[in-house]
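> Quick one: this structure, given as structure tokens, is what I'll be asking you about.
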Amino acid sequence: MLHLKCPHCGVLAEETEFAAGGEAHIKRFGPGSEDGEFEGYLFYRKNPAGVHFERWRHAFGCGKWFHAARSTTTLEVYGTYPADVYEPPKEIMDEIARRGVN
């Protein structure tokens, strides 16, 4: 069971209080884009064994979206951060590097 901390309201809870929203930091393509770019945006996602950045919503709490960095193999959560950023914060990347995770 994952334990996530909402970066907006500070609640630490089991994953059942949250709703998963898929991969984070995806470049979106819409009208006017190339067919291949739009196809990639709609259908292709990473499925790594190791560190993965995901979108989550605090469904039974404040209702806000955020991102989480976690391991898909151990379910270890490295940190959470607001969804309004384009890349993971340095603190989370440093924590992943400190733990020696790929």
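The values are calculated or read from the model by the stated rules, or taken from the named source; none is laboratory data. Because the structure is predicted, anything quoted here is derived from the model rather than measured. With ideal geometry, Cβ positions are generated from the backbone for all residues, glycine too; neighbour counts draw on all protein chains shown. The protein model used for the area step is the full one, side chains on, heavy atoms only, and it has no ligands, DNA or RNA in it. Shrake-Rupley method; radii C 1.70, N 1.55, O 1.52, S 1.80 Å.
> From Phe60, Phe53, which residue is out of contact with any Gly (no Cβ under 8 Å at 6 or more places or on another chain) and open to solvent by 50 Å² or more (accessible area, probe 1.4 Å)?
Phe60 is the lone residue from the list that is out of contact with any Gly (no Cβ under 8 Å at 6 or more places or on another chain) and open to solvent by 50 Å² or more (accessible area, probe 1.4 Å).
> Can you confirm whether region 92-101 contains a residue that is open to solvent by 30 Å² or more (accessible area, probe 1.4 Å) and under 15 Å from Cys6 (Cα atoms)? So that I can check it myself, show each step before the final result.
The first filter runs over region 92-101 and keeps only residues open to solvent by 30 Å² or more (accessible area, probe 1.4 Å), leaving 93-95, 97-101.
In the following step, the residues that additionally are under 15 Å from Cys6 (Cα atoms) were identified as none.
Scanning region 92-101, I find no residue that is open to solvent by 30 Å² or more (accessible area, probe 1.4 Å) and under 15 Å from Cys6 (Cα atoms), so the answer is no.
> Something else now. Within region 19-49, how many residues are open to solvent by less than 60 Å² (accessible area, probe 1.4 Å), over 18 Å from Val85 (Cβ atoms) and within 15 Å of the chain's Cα centre (by Cα)?
2
> Could you check Glu87 against (1) in contact with a His (Cβ under 9 Å, 6 or more places away or on another chain); (2) open to solvent by less than 80 Å² (accessible area, probe 1.4 Å); (3) at pLDDT below 95; (4) acidic (Asp, Glu) and say which number it fails?
Unmet condition: (2).
> What single numbered condition from (1) at pLDDT 90 or above; (2) closer than 19 Å to Pro89 by Cα fails to hold for Lys27?
Failed condition: (1).
> Can you pull out every residue in region 3-14 that is farther than 15 Å from Pro82 by Cα and buried (at least 16 other Cβ atoms within 10 Å of the Cβ)?
Selection gives nothing.
> For region 48-71, what are the residues that are under 21 Å from Glu95 (Cα atoms) and free of Cβ contacts under 8 Å to residues at least 60 places away in the same chain?
Hits for region 48-71 are Pro48, Ala49, Gly50, Val51, His52, Phe53, Glu54, Arg55, Trp56, His67, Ala69, Ser71.
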